[in-house]
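Asks: Sharing a structure here in structure tokens format.
The values are calculated or read from the model by the stated rules, or taken from the named source; none is laboratory data. On a predicted model such as this, the values are computed, not experimentally measured, just so you know. Cβ sites come from the backbone with ideal geometry, for glycine too, and all protein chains shown count toward neighbours. To get the accessible areas, we keep the full protein, side chains included, count just its heavy atoms, and leave off ligands, DNA and RNA. Shrake-Rupley method; radii C 1.70, N 1.55, O 1.52, S 1.80 Å.
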Amino acid sequence: MTRPSGHGFGDDLVDYAAALRDRRSILLEESPGIALRRRKQPWHRAAPYASGATYLPFANDIPFGLWIFSLTPGDDEARSGRTWGQTIWFRVPAWWALGPQGRTAAALLARLEKLTWEEVLILRRSYNKAWPADREDPAWYEAQDLATTTDRAPLKNALIKHTETALDRAARTHGKRVRNFSDEQKSASFAAMALAIEDLSPSLAHRLLGPLRLALGDVHTYPVPSWADSL
């Protein structure tokens, strides 16, 4: 069975491209320096690198890469069992890990990471401006239900985590911090939710994108970062 694998660029600990070129497997480690033995279940330990129908990789750092690999047992039989290795097959665009609207999601993440503090404050104010307290739009709960019934919950959760991390990173560059459940975080999270279900319900996604649209314009016009498309 193959799984896409995500990892950061620049200071990679594993050279997937070289492994692909040389047709060699890469040791799968349980922890740094400790080989994972076959007697142990590899799937949850491979999770930082793996993606399947019910799991989407979350990389703490943006950008990240995405590779297709299979897990194979090694030939070093020991009392503790054989080790597991990763055989790299090919690379795919990183946006594949971000869902049907992956290119737009990547553009959103890149934009959030470059926010000025004034833009963060605008994003904060736009939440209440889009939905005054006396007539709050139930779009969030409708989208939650839609994501659950269509198996989009893992994607929704991954995109929300990505946007929260990007927003927090942007704030820290200005010596600030973003509180959990703050209006600026809600605006970003609503946008992430929208991109998780936009192909299923464009009208619902349009409502969810309201706060972001008021603050930063149409997310669909943001430039897609090169790392999302590169191979």
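Asks: Between residues in region 89-103 that are within 21 Å of residue 25 (Cα to Cα) and residues that are in a helix (DSSP H, G or I), which pairs lie under 9 Å by C-beta distance while being six or more apart or on different chains?
Replies: Taking only residues 6 or more apart or on different chains, the pairs are 89/20; 90/20; 91/16; 91/17; 91/20.
Asks: Looking only at region 173-194, decide whether some residue is open to solvent by 80 Å² or more (accessible area, probe 1.4 Å) and either in contact with an Asp or Glu (Cβ under 8 Å, 6 or more places away or on another chain) or of a type in the set (A, V, I, L, M, F, W, C) (or both).
Replies: Scanning region 173-194 turns up at least one residue that is open to solvent by 80 Å² or more (accessible area, probe 1.4 Å) and either in contact with an Asp or Glu (Cβ under 8 Å, 6 or more places away or on another chain) or of a type in the set (A, V, I, L, M, F, W, C) (or both).
Asks: Do we find that residue 51 is at pLDDT below 85, touching a strand residue (DSSP E or B) at 6+ places or on another chain (Cβ under 9 Å), surrounded by fewer than 17 Cβ atoms within 10 Å (Cβ to Cβ) and farther than 30 Å from residue 173 by Cα in this structure? It would help to see each step written out before you state the result.
Replies: Details: at pLDDT below 85: yes; touching a strand residue (DSSP E or B) at 6+ places or on another chain (Cβ under 9 Å): yes; surrounded by fewer than 17 Cβ atoms within 10 Å (Cβ to Cβ): no; farther than 30 Å from residue 173 by Cα: yes.
No; evaluated as a whole, the condition is false for this residue.
Asks: Which pairs have Cβ atoms under 6 Å, sit 6 or more apart or on different chains, and link a residue in region 176-188 that is closer than 17 Å to residue 111 by Cα to one that is of a type in the set (Ser, Thr, Tyr) and open to solvent by 10 Å² or more (accessible area, probe 1.4 Å)?
Replies: Partner pairs satisfying both residue conditions: 186/127; 187/127.
Asks: Let me ask something else about it. Please find, within region 214-231, the residue that is farthest from residue 62 (Cα to Cα) out of those that are small (Gly, Ala, Ser) and free of Cβ contacts under 8 Å to residues at least 12 places away in the same chain.
Replies: Checked region 214-231; the qualifying residue farthest from residue 62 (Cα to Cα) is 217.
Asks: Kindly provide the set of residues from region 64-82 that are aliphatic (A, V, I, L, M) and either under 19 Å from the mean Cα position of the chain (by Cα) or part of a strand (DSSP E or B) (or both), ordered by number. First the steps, then the outcome.
Replies: As a first pass, look at region 64-82 and keep what is aliphatic (A, V, I, L, M): 66, 68, 71, 78.
66, 68, 71 - these are the residues of region 64-82 that are aliphatic (A, V, I, L, M) and either under 19 Å from the mean Cα position of the chain (by Cα) or part of a strand (DSSP E or B) (or both).
Asks: Looking at 231, 214, can you tell me which residue is open to solvent by 30 Å² or more (accessible area, probe 1.4 Å), in a loop (DSSP other than H, G, I, E, B), farther than 14 Å from residue 111 by Cα and not small (Gly, Ala, Ser)? Write out each step before concluding.
Replies: Details: 214 fails: in a loop (DSSP other than H, G, I, E, B).
Sole residue among the options that is open to solvent by 30 Å² or more (accessible area, probe 1.4 Å), in a loop (DSSP other than H, G, I, E, B), farther than 14 Å from residue 111 by Cα and not small (Gly, Ala, Ser): 231.
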